[in-house]
1. What does region 49-141 give for Rg and for Dmax, in Å, if only its C-alpha atoms count?
2. Are any of the pairs Lys198/Lys257; Lys265/Lys298; Lys203/Lys281; Lys100/Lys182 more than 26 Å apart by Cα-Cα distance, and if so, which?
3. Sticking with the crude label model, points 7 Å out along Cα→Cβ, report the distance from Val287 to Lys205 in nm, one decimal please.
4. By how many nm would the segment from Lys182 to Glu252 grow when fully extended, if each residue of separation counts as 0.36 nm and the alpha-carbon distance is taken off?
5. Rounded to the nearest 0.05, what FRET efficiency is calculated for Asp299 and Asp144 with R0 set to 30 Å and r the Cβ-Cβ distance?
6. Counting pairwise Cα distances across region 59-102, what percent come out greater than 11 angstrom?
7. Region 171-305: percent of C-alpha pairs farther apart than 25 Å?
8. What's the FRET efficiency of Val231 with Asn190 using the Cβ-Cβ distance as r and R₀ = 25 Å, to the nearest 0.05?
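Derivation of every value follows stated rules applied to the coordinates shown; laboratory data play no part. Remember, predicted model here, so these are calculated numbers, not experimental data. No Cβ is skipped: glycine too gets one built from the backbone with ideal geometry, and neighbour counts run over all protein chains shown.
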Amino acid sequence: MAIKKKRKNIFVIITIVFLLIYSLVVLVRSLKESLLLNIRDRINIVFYGEESMVVSFGISDNVNYIVTFDNKDKVTVPGGYGRYPIGALGRLTEVEKDKKIIQKSFSSMISGYVDFYIVPKKNIIYSDEKMHQESDRPEYIRRDLIARIFSQKEFTNITFLDKLLAASLIARRRQQDFIFLKTYTSETENDETLYSEKNFLKKYKGFFYHQSLREESEDVKIVYSTYKSAVILSRVIEGQGIRVVDLALNKEDSTQKCIIIYDEKKRSKTTYYLSQRFGCKVQKESVEGADIIIILGKDLEKNWE
């Protein structure tokens with residue numbers, strides 16, 4: 001009996017040790033993959049739904065923004081989908097089985113990278129206009145936003161660790177801590193209302209900058225095969241405070257995966273940021289005409305055209 005009990009105790013100890021090691025590995029991996037821990041200046045989150053909004057948190061300067069949108073406004077959806085009303089984007093993501101459509105669309109709309117998205121798992125086509133008047137400030141209800149982050153009815157790309165950090169960001173800010181940004185539209189002959197990315201960028205250029213990337217002041221050259229995707233990506237990249245100095249047609253066979261080329265001794269924050277956000281391979285080679293070259297590749301171009 002004593003031998004069996006001893007063996008049982010050894011098994012329990014080994015199991016506990018294994019679980020501790022596994023938990024430590026998961027924690028280290030979560031810390032490494034955490035976007036919030038790797039972002040020093042600004043974090044943008046889109047809450048999609050009946051009244052969609054982008055909430056932008058200034059980490060280093062505590063300057064925060066909220067942008068709300070009209071469901072009826074038609075936006076250009078990256079990925080070759082054409083124009084869709086904002087209120088129909090959720091249904092489009094379900095049909096295409098690609099929630100990143102929301103992330104890419106709102107990134108294009110604010111000309112700045114949207115880091116996280118929260119989207120209902122079941123979407124209808126939202127057709128109502130804004131619930132508030134243009135002169136009103138939309139309500140920043142902290143408990144509702146935090147509840148959506150942890151809700152089982154929502155789909156999100158936020159990891160558990162980042163959910164805790166995002167909830168902390170939301171909880172520590174109040175209504176008066178936000179600047180509310182207005183969107184811009186134009187009307188067609190058919191009385192359709194088109195969202196104007198151009199006018200939004202013209203009005204709010206620089207609002208979503210990462211100051212550390214801006215101060216690093218690295219020039220980026222984009223090499224493309226599809227011009228439309230290059231234009232959208234250049235707006236999003238410049239919206240982060242990274243200067244795009246050239247769009248060049250790729251005269252060689254396009255690679256499948258995007259590639260970032262740099263020739264500095266040490267990989268810069270800008271190189272790291274771009275590779276993390278767009279999933280690009282990084283190569284150290286000689287570079288001319290810029291500090292960094294991004295060869296978009298077929299996959300990235302297809303997703304952003």
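1. Here Rg and the maximum Cα pair distance are 13.4, 39 Å.
2. Long pairs (Cα-Cα over 26 Å): Lys198/Lys257; Lys265/Lys298; Lys203/Lys281.
3. 2.2 nm
4. Working: separation 70, 0.36 × 70 = 25.20 nm, distance 4.21 nm.
Result for the pair: 21.0 nm of gain on full extension.
5. Numbers: r = 36 Å, r/R0 = 1.20.
FRET efficiency, Asp299 to Asp144: 0.25.
6. Numbers: 660 of 946 pairs.
Above the 11 Å cut-off, region 59-102 has 70 percent of its Cα pairs.
7. On the way: 3269 of 9045 pairs.
Value for region 171-305 (Cα pairs over 25 Å): 36 percent.
8. Values: r = 25 Å, r/R0 = 1.00.
Efficiency computed from Cβ-Cβ geometry: 0.50.
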